[in-house]
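The values are calculated or read from the model by the stated rules, or taken from the named source; none is laboratory data. Please read these numbers as outputs of a predicted model, since none were measured by experiment. Neighbour counts are summed over all protein chains in view; Cβ atoms, including those assigned to glycine, are modelled from backbone coordinates with ideal geometry. What goes into the accessible areas is simple: the full protein's heavy atoms, side chains included, and nothing from ligands, DNA or RNA. Shrake-Rupley method; radii C 1.70, N 1.55, O 1.52, S 1.80 Å.
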Amino acid sequence: MALIKLTENISYLESSEKPLSSEVIFIKTDKSTWIFDVGLNNEAYKEIKKIQGPKNIVISHFHPDHIMNLARISCKNLYLSKNTKKYTLRGNVISESMEIDENPKITIREFPSSHAKGSLILICQDYAFLGDGPYAKPVRGHHSYNAQLLLEMIKVMEELDVKYFCLDHDKNFIQSKEEVINRYKEIYKNYHKPDSPIIDVEDFFNPDGKVKEDPPIK
C-alpha cells in the first residue's frame, strides 16, 4: 500500500478492511508534518514512523480504526476532542476552531456528528477531511442520525470554504462539496419524520442503501 499524492503538500494512505483501518492524511508544511488520524494497520504505522522532523497529529474521533497506532507513535503535538481524550488519556483538547499558522495553512474544528460524539475535521487548501464525521450511527441493525445534529452538520458543511470533501472508507474518498451536501439534504428530506428526533437510514453513504459508484474526482 503506497501513499497517494493529492497535492504538492498533501498525501494520504487508503483505508483497509482487514484489519479495519481509517485513511491517514499527511500534510507537509514549511515547519512540520501534520497527520490526520493514525489508523490501526501496520502500513499506517510504518508511514508515520519514517517521517523525519516534527510531527503533529490530529485525531478525528475515538474509534479504534482511527486511534490505535497512537500507542506506538511519538509526536510533537497531539490534538483531539475532549471525548476522544477519554480514550487516549493524552493530547491537547480542541474546543473551538484552531488555525495553524504554517504554509499551507491548516484549520482544525469541531464537527456535529451522529456517528461519534466529539468529532473533529481538518481543512487544508481546497480540501476538508471529514473522517467518519458525516456517517450515521449504527443502532440495532440500522443506521440512524440525530435529526438536529444532521441539520447542524449540513450548516457547517455549507460554511466550509473548500471545493472537496474527503470521506473515510468510501469507495470515492474525494468528492465534490456540493455533491456531499446535497446527499445529506436528501437524507433529511426523505427520511425525517417530524414527530421523531431520530432519522433511520440503511447505510452510511446514500439514502438508497447503495455505496456510490460515481467516478472519483480527479
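Annotations for the structure displayed:
- When Ser113 is tested against the conditions (1) among the hydroxyl-bearing types (Ser, Thr, Tyr); (2) outside any strand (DSSP E or B); (3) more than 12 Å from the chain's Cα centre (by Cα), the lone failure is (3).
- Selection over region 74-94 of residues that are more than 18 Å from Ser114 (Cα to Cα) and in a loop (DSSP other than H, G, I, E, B) gives a count of 7.
- Search result, residues across region 1-30 that are in contact with a Pro (Cβ under 7 Å, 6 or more places away or on another chain) and either under 20 Å from Arg72 (Cβ atoms) or open to solvent by 20 Å² or more (accessible area, probe 1.4 Å) (or both): Asn9
- Boolean, Val156 is among the β-branched types (Val, Ile, Thr) and within 30 Å of Gly91 (Cβ to Cβ): yes
- The criterion of at least 3 residues that are touching a residue at least 12 places away in the same chain (Cβ under 8 Å) and either within 20 Å of Asp170 (Cα to Cα) or not β-branched (Val, Ile, Thr) (or both) is met by the following strands (runs of 3 or more DSSP E) wholly inside region 13-63: 24-28, 33-36.
- Any hit, region 116-132, residues being under 19 Å from Ile27 (Cα atoms), among the hydrophobic types (A, V, I, L, M, F, W, C), in a loop (DSSP other than H, G, I, E, B) and in contact with a Leu (Cβ under 8 Å, 6 or more places away or on another chain): no
- Subset of region 94-112 [touching a residue at least 24 places away in the same chain (Cβ under 8 Å) and either under 13 Å from Asn9 (Cβ atoms) or among the β-branched types (Val, Ile, Thr) (or both)]: Ile94, Ile100, Glu102, Asn103, Pro104, Ile106, Ile108
- Residues of region 116-131 that turn out to be of a type outside the set (Gly, Ala, Ser), crowded, with 24+ Cβ neighbours inside 10 Å and within 21 Å of Lys86 (Cβ to Cβ), as a count: 3
- If you go through region 147-206 and pick out every residue that is more than 23 Å from Glu23 (Cβ to Cβ), of a type in the set (Lys, Arg) and surrounded by 15 or more Cβ atoms within 10 Å (Cβ to Cβ), you end up with 1.
- Selection status of Leu160, within 16 Å of His61 (Cβ to Cβ) and modelled with pLDDT of 95 or more: no
- Pairs linking a residue in region 150-164 that is under 15 Å from Ala136 (Cβ atoms) to a residue that is part of a helix (DSSP H, G or I) and basic (Lys, Arg), with Cβ atoms under 9 Å and 6 or more positions apart or on different chains, are Ile154/Lys185.
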